[in-house]
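Colleague: Just dropping this structure here.
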Amino acid sequence: MGIPASKLTDDADLTSQLELDELDLVNLQLQIELVFSLYLTNQQWSTIRTVGQLRQTLTHRTRKGMKIKAL
């Protein structure tokens, strides 16, 4: 998505600070599904606002027996 790694801090807001629009968020969701073989519901996505929340959700879900397909 062309975001510099230096901007990807845990408190970085996906929409206001990283400037991801709805299409970017859908693309991010699809990429997570493909890379991690992990599906998050719309309700789960609606609670994710920051990079840290996304990281925490992915960490939690992968620790619950979800396999990571590729990194």
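Colleague: Report, by residue number, each residue of region 51-62 that is buried (at least 17 other Cβ atoms within 10 Å of the Cβ) and over 18 Å from Ser37 (Cα atoms).
Modeller: Val51, the sole residue that qualifies.
Colleague: State all residues of region 2-40 that are within 16 Å of Gln56 (Cα to Cα), without any contact (Cβ under 8 Å) to a residue 24 or more places away in the chain and open to solvent by 90 Å² or more (accessible area, probe 1.4 Å); if no residue qualifies, say none.
Modeller: The one that is within 16 Å of Gln56 (Cα to Cα), without any contact (Cβ under 8 Å) to a residue 24 or more places away in the chain and open to solvent by 90 Å² or more (accessible area, probe 1.4 Å): Tyr39.
The values are calculated or read from the model by the stated rules, or taken from the named source; none is laboratory data. As the structure is a prediction and not an experimental result, all values here were calculated from the model. All Cβ positions, even for glycine, are placed from backbone atoms using ideal geometry, and neighbour counts span all protein chains on display. Just so you know, the surface numbers come from the protein's heavy atoms only, side chains and all, with ligands and any DNA or RNA stripped out. Shrake-Rupley method; radii C 1.70, N 1.55, O 1.52, S 1.80 Å.
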